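Comments concern the structure below.
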Amino acid sequence: MLSPAQLLQEFITLWVVIDPIGTLPVFLAVTAGMSAGQRRAVAIRAVVVSFVVLTLFIVLGQVVLDALGLALPAFQIAGGIVLFLFALTMIFGHSKPEEEIAEAERVRQTSVFPVAIPSIASPGAMLTVVILTDNDRFAIAHQAVTTALMALVLAVTLGIMLAASPLLRVIGTTGAAVISRVMGMLLAAVAVDAVLRAFVSIGVLPSFSG
C-alpha cells in the first residue's frame, strides 16, 4: 500500500505533467463564442478522451516496452531527458498557455485537439503514466491507485474548465503563464530524479534517499 508521502508525490507528479491550470486558457480560446452548454460538452469530452488515452498508455505502455525489448532504466533515462527538455520549453520558451492558445486560435476544431491532446494528455503525461505504472516494479494495486490519482487530477481539470471564465478573470493569462513556468521547474526536478534513479538501479550511482 502506498504511504501518504508516496500518494502525495505521485499526485504532484501527475498534476505537473497534466497541468490543469495551463489547460484553462487553451480551453477558453477553443470555446470562445460557444454557448455554456457547448462549452460544458467540450470540457467533458476532452477529459473523457484524455482519460482513455492515458489509460491506454497505462495498460499497453509496458507491453510495448517488453515487445521492443527495452529495459526500464533505458526508458527512464530517455523519458527523463524528454521530460527535462519539455520542462525547459515551459520555463524558457513560450509558456504552455501562450503556445497552445495560438494553436487553438488557428485550429478551433474539436475538444480532441488541442484541449485533450496535447494540452491535457500531453506527451509528458503519456510518458509519466507509463513510468509510474511499470509492471516490473509496481503491483496491480499500486497501478490502480495511480490510475485513480490520474482520474482525480482529470476531475479537477474538468472542474477548472467548467469554472473557466471566473478563474481566468482572477489569475489572468499572465498568471496562467507564470504558473505554467513554475510547473516547468517542478517537472524538470521530476525528470532529473527519474534519470538519477535509473543510474542508481544499474549501479552507476550509489543509492540516495528521496
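The values are calculated or read from the model by the stated rules, or taken from the named source; none is laboratory data. Bear in mind that the values here come from a model prediction, so they are computed numbers and not experimental data. Cβ atoms come from the backbone with ideal geometry, glycine included; neighbour counts cover every protein chain shown. Accessible surface areas use protein heavy atoms only, side chains included; no ligands, DNA or RNA. Shrake-Rupley method; radii C 1.70, N 1.55, O 1.52, S 1.80 Å.
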In the stretch 58-81, residue modelled with the highest pLDDT [restricted to those that are within 19 Å of Val17 (Cα to Cα) and open to solvent by 80 Å² or more (accessible area, probe 1.4 Å)]: Val59
Residue within the stretch 34-45 that is of a type in the set (S, T, N, Q) and in contact (Cβ under 8 Å) with a residue 12 or more places away in the chain present: no
Any pair with Cβ under 8 angstrom, 6 or more apart, that starts in the stretch 1-25 at a residue that is closer than 14 Å to Gly124 by Cβ and ends at one that is outside any helix (DSSP H, G or I): Val17/Ser122; Ile18/Ala121; Ile18/Ser122; Asp19/Ser122; Gly22/Ser95
Single unsatisfied condition, Ala194 versus (1) part of a helix (DSSP H, G or I); (2) among the small types (Gly, Ala, Ser); (3) farther than 17 Å from Ala125 by Cα: (3)
Qualifying positions in the stretch 190-210 - closer than 19 Å to Phe11 by Cβ, of a type outside the set (Val, Ile, Thr) and either exposed (fewer than 14 other Cβ atoms within 10 Å of the Cβ) or in contact with a helix residue (DSSP H, G or I) (Cβ under 6 Å, 6 or more places away or on another chain) (or both): Ala191, Ala194, Gly210
For Pro97: the one exception among (1) modelled with pLDDT under 80; (2) loosely packed, with under 13 Cβ neighbours inside 10 Å: (2)
Test: residue in the stretch 1-16 that is over 22 Å from Ala189 (Cα atoms), over 19 Å from the mean Cα position of the chain (by Cα), at pLDDT below 85 and loosely packed, with under 14 Cβ neighbours inside 10 Å: yes
Members of the stretch 32-52 that are open to solvent by 30 Å² or more (accessible area, probe 1.4 Å) and part of a helix (DSSP H, G or I): Ala36, Gly37, Gln38, Arg39, Arg40, Ala41, Ile44, Arg45, Val48, Val49, Phe51, Val52
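Being open to solvent by 60 Å² or more (accessible area, probe 1.4 Å) and modelled with pLDDT of 75 or more is the filter here, so list the residues in the stretch 124-143 that pass it.
Within the stretch 124-143, the subset open to solvent by 60 Å² or more (accessible area, probe 1.4 Å) is 135-137, 139-141.
Within the stretch 124-143, Asn135, Arg137, Ala139, Ile140, Ala141 meet the criteria.
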